[in-house]
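Have a look at the structure below before the remarks.
Values quoted throughout were computed directly from the atomic coordinates according to the rules given, and no laboratory measurement underlies them. This one's a predicted model, so the numbers in the text were calculated from it and none came from an experiment. All Cβ positions, glycine included, derive from the backbone under ideal geometry; neighbour counts span all protein chains shown.
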Amino acid sequence: MMPVFTHDESDLNTFRMITSQFYVNGNASQAEISRAFGVPLISVKRAVKIYQTLGPSGFYEERKTRGATILIPEVLSEAQELFDQGKDLSEVSEILGIKSNTLNKAILDKRLHQSEKKTKPFRN
């Protein structure tokens, strides 16, 4: 029997593209592909989704990565100044246009610290 397609052993993108094509063209079920090649069914499903949404070129596009870091040293310094002025997390978040969750993570990582809230003494 002749091979349907050949590719370099390390060319995982082409393997995923071809096996997805088998499914999309009706040549094999996802379960058959999983069993025949010994790959997890979820991997086959993910590859099929890429093929169906982006086509064959989707396997060769550069992977999307996270954007640039938001809390660069200058922003950390500005945020700390605002905290030192007594501003709370939501105020600093709004002023800097940064999600409060991002600032909170920096506080938990000890890259920022909030100034202690000044409480008024309790009077009867």
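For the range 15-34, does any single residue satisfy the condition of being under 30 Å from Gln114 (Cα atoms) and touching a Leu at 6+ places or on another chain (Cβ under 7 Å)?
Pass one, the range 15-34, residues under 30 Å from Gln114 (Cα atoms): none.
No - not one qualifying residue is present in the range 15-34.
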Complete set of residues in the range 25-42 that are under 27 Å from the mean Cα position of the chain (by Cα), in a helix (DSSP H, G or I) and surrounded by 12 or more Cβ atoms within 10 Å (Cβ to Cβ): Gln30, Ser34, Leu41
Test: residue in the range 51-58 that is more than 20 Å from Thr19 (Cα to Cα) and exposed (fewer than 14 other Cβ atoms within 10 Å of the Cβ): no
Residues of the range 1-22 satisfying the condition of being buried (at least 17 other Cβ atoms within 10 Å of the Cβ) and over 17 Å from Ser57 (Cα atoms): none
Residue list for the range 48-107, filter: within 30 Å of Asn25 (Cα to Cα), free of Cβ contacts under 8 Å to residues at least 24 places away in the same chain and not in a helix (DSSP H, G or I): Gly55, Glu61, Glu62, Arg63, Lys64
